[in-house]
Amino acid sequence: MSTTDKRPRANASAAMSAGPTGSETASATGPAGGHVQTYGTSLHPSTPSSMSSPALSRARTASIDQLLAVVEDATESSLLLPYAHGTAADAGSGAGHAHPTSASTIFHAASNAVNVVMGLGVLSLPYAFSLSGWALGLAGLAVFALLACWSATLIGECLAAATSPPDGPAATPSSGSLDRRLGDRSTGSIESASRDSAASTVTVGSRHAASDADHGTKQTRSHMLPSTLADMAALAFGRPGRLIVTVLFTMELFAASVALVILFGDSVQTLFPAAFPHGSSHAQWIKVAMVCALIPATWMRSLKVFSAASVVGILSLCNLIGILVYEGLVHTQTPGSILVPAATTLWVPANATWDSVAVAVGLLFVGFDGHSVFPSIYRDMHAPQTTFSRAMSLSYSVIFSIYAITACCGYAMFGTDVLPEVTKSLALLPGVHPLLLRLTIWFIALNPVTKFAMVLNPVNVLAERTWASLWQGPAGGTQHQPSMGDHQPHRVIRTLTALAVLGVAVAVPSFDKVMALLGSFLAVSVVLIVPFACHLKLYWHRLGLARRAAGCAVILGAVCICLFGTAGVVYRL
């Protein structure tokens, strides 16, 4: 069983029948003696004939919602490593959910945010500047950093709306409404279905069971507060909001997995150019070898063994920035010198096309995506209503500074001839220190190896749960219910998912195009559209005209960026 299956938030069946202590048996008994059987987080009664049609519908709805909850938790665990005080899985398991035992400070939260947000998108920033020019590149980088920081603070306000409801007509939904909107992460909808199934035979025992369930609901209501971005979307828009955000998360992680495979292939090709010449079909076998070697790692349900390896990503980025600055200052001739810069343009190059500018926009924005785990950082902080916004301002100031240094140094050193991955340009630089160069590229190459299984894990969880729900028998049927202990389906599903990633990486071998699509479509949706839309929905009656207009303008601009950037990338494929 995976670590996400053991979490109290996802294990709704245990909470359904729990009494005041919340630790009773993990199944509820109906009037006919049938049990509500559990499969991961999907709940289907073995005796559906005793359940009324509305109750059966609610049970099925709860089953789908619990599936989405597991995927969100797996997404959070994959992206937030290492955590400020333990792993994200520990944070999501309920420890410190409402009252963290060791609340993080502003510095800890900012450090965690920097670790989550900064990623492989930094490799393409100099190339984005070569497509957009100095003016548009720096302006876009600054504007995107400000918008991302603003939306991060709005996430804090939306989460605060659930913990401290504002006064007036824009107050957070009442406890009953909160049960309905967040019941898919709690026990409300499932308990309601369980009580309806026992309504046909009202006995003393069933009344006691219902009373205990009600008491358990009150006990767990303090744990029903939004803890993920999908929770926030559900609070604002109900189940459709949760479903949309979960789908975006899954697509985002799948695209990120594709980018990791492409980056590994490009890095190995740079290290061994004689064995894998540029443009050779043999280079594709590097990706095949990587995915085949890492498929057994994707079979693991617990990925804690990879958590320590996340430091490789931090070291690779620090090493990249260090070698860029060092080589740029040491070299006194173009290309490769910061003191004697290469040919650059202030504005958009004269030979630029609309699709190249669209790709540049996506590459500039992809590096600011990390909002999916900000709710975890928020709930781990002490007094987050006053400290979270300061932590986000500090983190994005650091991120913007690092991105600006990398982009400016890389663009000044190689000019308009910089390659989509700045490490490739470094490898072609004459006189570069060979040891530093190989160390940098090896760090970049190891980064995908350590992250592939973690990033792909939520996609695998969704595939497994979907397979399980499809193979469960229809209402009243007796079809065999698969067990998650069956290793063969588990491994087949995860192997097929990894092979699907490999297929896309081979079909679209361009790292910059994948990252641009990730930034234009998925990152813009998660970073801008979702937080601003949720904030407007929750606070509409409390916001002034200027705030409403600004929020609507940002959403409209984000939609335009999404359409423009996505169209440009698709056009260049």
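The values are calculated or read from the model by the stated rules, or taken from the named source; none is laboratory data. Being a predicted model, the structure only gives us computed values, none of them experimental. Every residue, glycine as well, gets a Cβ built from its backbone with ideal geometry; the counts of neighbours run over all protein chains shown. Protein only, heavy atoms only, side chains kept; ligands, DNA and RNA dropped before computing areas. Shrake-Rupley method; radii C 1.70, N 1.55, O 1.52, S 1.80 Å.
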Label the range 359-482 by shape, choosing from rounded, prolate and oblate, from the square roots a ≥ b ≥ c of the eigenvalues of the Cα gyration tensor; if a/c is under 1.5 it is rounded, and otherwise prolate applies when a/b is larger than b/c, oblate when it is not.
-> oblate
The correct ranking of LYS537, LYS287 by accessible area at 1.4 Å, largest first, is LYS537, LYS287
Please compute the net charge surrounding LEU419, taking Lys and Arg as +1 and Asp and Glu as -1 over other residues with Cβ under 11 Å from its Cβ.
-> -3
Compute the Cα gyration tensor for the range 322-418, then decide on rounded, prolate or oblate, letting a ≥ b ≥ c be the square roots of its eigenvalues: rounded whenever a/c is under 1.5, prolate when a/b is larger than b/c in the other cases, and oblate in all that remain.
-> oblate
What's the extension gain from MET300 to THR332 if we count 0.36 nm per residue and subtract their Cα-Cα distance?
-> 6.5 nm
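Go through 424-435, 489-500, 374-385 and give me the packing order, highest mean Cβ count within 10 Å leading.
Values: 424-435: 15.2, 489-500: 17.4, 374-385: 21.3.
Top of the packing list down: 374-385, 489-500, 424-435.
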Residue-normalised accessible area of the range 342-442, expressed per residue, 1.4 Å probe, Å² | 38 Å²
Rounded, prolate or oblate: which fits the range 105-144, taking a ≥ b ≥ c as square roots of the Cα gyration tensor eigenvalues, rounded meaning a/c under 1.5, else prolate when a/b beats b/c?
-> oblate
Name the residues whose placed amide hydrogens come within less than 5 Å of the amide hydrogen of SER104, ignoring near sequence neighbours (fewer than 5 apart) on the same chain.
-> MET381, HIS382
Tell me the label-point distance for the pair TRP540, PHE107, using the 7 Å Cα-to-Cβ offset, in nm and rounded to one decimal.
-> 4.4 nm
Per 5 Å bin, what percent of the C-alpha pairs of the range 351-407 does each bin hold, from zero upward?
-> 4, 15, 19, 18, 15, 12, 8, 5, 3, 2, 0
